[in-house]
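Engineer: I am attaching a structure below and will ask some questions about it afterwards.
Every number here is computed from the coordinates shown, using simple stated rules; none is lab data. Since the model is a prediction, treat every value here as computed from it, not as a measurement. Note that each Cβ is placed from the backbone with ideal geometry, even for glycine, and that neighbours are counted across all protein chains shown.
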Amino acid sequence: MKSLVQAVVVAAALAAPVAVFAQSNGPLTRAQVREELVQLEKVGYMPFRSNPDEYPENIQAAEARVAVQNTAVGGVDGGSSQHGNAGVAQ
């Protein structure tokens, strides 16, 4: 399990520069922040149930899973959400 977490953290570190270039120069809107939180929760991140001592690892692992999902489905399109993925195997 620990090696899986390490692999996810490494993937997040490699995906971080790509995410930086994909962002706009302006500040995030409330809707964009809310959408990011929804994506993190969909991949298993629970901010209120997480152990505070594991905070950096938990959020980084969740961010890496979101990055993998976004890469697998062709990226995020202008902050729109992807609800109703009935045909997508998870």
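Engineer: Based on the Cβ-Cβ distance from GLN69 to ARG30, what FRET efficiency comes out when R0 is 22 Å, to the nearest 0.05? Show your work: numbers first, answer last.
Structural biologist: Numbers: r = 22 Å, r/R0 = 1.02.
Working from the Cβ atoms, E equals 0.45.
Engineer: If you don't mind, there's one more thing I want to ask. Once phi is turned into ³J(HN,Hα) by the Karplus curve 6.51 cos²θ - 1.76 cosθ + 1.60 with θ = phi - 60°, what whole-Hz value does each residue of the range 55-69 show in order, with x for glycine and proline?
Structural biologist: 3, x, 5, 5, 5, 5, 5, 5, 4, 5, 5, 5, 4, 5, 4
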